[in-house]
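Following: one structure in structure tokens, then a few remarks.
The values are calculated or read from the model by the stated rules, or taken from the named source; none is laboratory data. The structure presented is a predicted model; accordingly, all values stated were derived computationally and were not measured. Note that each Cβ is placed from the backbone with ideal geometry, even for glycine, and that neighbours are counted across all protein chains shown. Heads up: the accessible areas ignore ligands, DNA and RNA and are worked out on the full protein's heavy atoms, side chains in. Shrake-Rupley method; radii C 1.70, N 1.55, O 1.52, S 1.80 Å.
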Amino acid sequence: MNDPQQILPCLDSIPREVRCTQDYEDLARHFIPAPALAYIAGGCGRELTLAANLRAFDETRLWPRLLRPTVDGHTRLNLLGTQLTHPLLLAPVAYQTLVHPGGECETARGAAAMETPLVLSTLSGHSLEAVAAVTQGLRWFQLYFQARREVTVDLVRRAEMAGYAALVVTLDATIRSPGRRAQALGFEMPGNVLEANLINYPAAESLTVGRGESRIFQGVMRAAPTCEDLIWLLGQTRLPVIVKGVMHPDDACRLRDLGVAAQVVSNHGGRTTDGAPASLSVLPRVRTALGADYPLLFDGGIRAGADVFKALAHGANAVLIGRLQVYALAIAGALGVAHLLRTLREELEVCMAQTGCATLADIGPHMLFNSRQEDSSC
Ligand code: LAC
């Protein structure tokens, strides 16, 4: 694996270079052509938020403890009434056939092998029905509001029919600025990478703005979901509705009060608002605003089991894995995804053991070292 120009085919075993989850990111350049990798890895703008997400984890320190028994330890939790074996979910990453022809079907197999809920993107390369057909595993459907309500509700009905157990509504991505890294390398989405869930609907009207109107306010934002749209959606389905893209405690409280069942603190992996804080940095404030019992998920910058631990210590009940999932898929298909999840879980278990946490409930802010905090007296 020395020549970065030569793209290797997907493996049917785990390469010996993969010793920890971060290695999937480091190896991805051998398996994904540079322009596509720039699209996946990149953030928007100057990538300040992309960098902040990673830095926030690097600057957070675990606080090891001694003599705390963990032989009965486990990573189980109950999330929205469902028993999970670990607090890891696969984030709704779009266009996975860009890196593997099996795309989301392959990812779903890997997720099922590790009892991991899969959140399937509206923009998946395989249809939600095709993905449902390959796995009995727990699946949620990520919903982007469509320009026409009849299309949105049809997607909801299809997800219900196909056994998706929750809807994850992403609200932070109306404006998607192209990443400069990908643009610089001339990335364009290949024609064979389909939006399989949407191909049978009539195309949305193309954007037109009048003279003197703003391309943003009167253009792109005309299609932005409104509070009324969300209230309408909540009245259309019995599935729990989860909102993804929450960064402000006031929004979190408003969404909870509207009847949203759970939320994902996320800045879309630094892909939508450059200059936003790290999602890890806002997580404690959102947790405080929502109270201890409200189901709260997190994504943004997780590259290791220690990062999962840190997100849980900051108040998340579970985390979503985005880019690492795509790298593992490209490197070793379903096997890679399953291996990634197993390794992440084990890395999390190591952190739990070293900090004396036998269960997820034991993980809290007191497991992190804050140099400004007073030492407790003995
Ligand atoms: C992105 C959208 C497709 O992050 O979710 O590129």
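Quick rundown of the values:
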quantity	calculated
Answer from Ala261, Ala252, Ala292, Ala311 - the residue that is within 18 Å of the chain's Cα centre (by Cα), surrounded by fewer than 22 Cβ atoms within 10 Å (Cβ to Cβ) and at pLDDT 95 or above	Ala261
Within the stretch 91-197, strands (runs of 3 or more DSSP E) holding 3 or more residues that are open to solvent by less than 30 Å² (accessible area, probe 1.4 Å), within 23 Å of Met221 (Cα to Cα) and within 16 Å of the ligand (Cβ to nearest atom)	167-170
Breaking point among (1) open to solvent by 10 Å² or more (accessible area, probe 1.4 Å); (2) within 16 Å of the chain's Cα centre (by Cα); (3) within 16 Å of the ligand (Cβ to nearest atom), for Gly45	(2)
Index of the failed condition, Gly210 passing every other in (1) in contact (Cβ under 8 Å) with a residue 40 or more places away in the chain; (2) surrounded by fewer than 13 Cβ atoms within 10 Å (Cβ to Cβ)	(1)
Members of the stretch 266-280 that are away from the ligand (no atom under 16 Å from the Cβ) and not small (Gly, Ala, Ser)	Pro277, Leu280
Single residue of Asp26, Asp12, Asp72 found to be surrounded by fewer than 20 Cβ atoms within 10 Å (Cβ to Cβ) and either among the small types (Gly, Ala, Ser) or without any contact (Cβ under 8 Å) to a residue 12 or more places away in the chain (or both)	Asp26
Close pairs (7 angstrom Cβ cut-off, 6 or more residues apart or separate chains): basic (Lys, Arg) in the stretch 266-286, more than 14 Å from the ligand (Cβ to nearest atom) anywhere	Arg285/Pro249
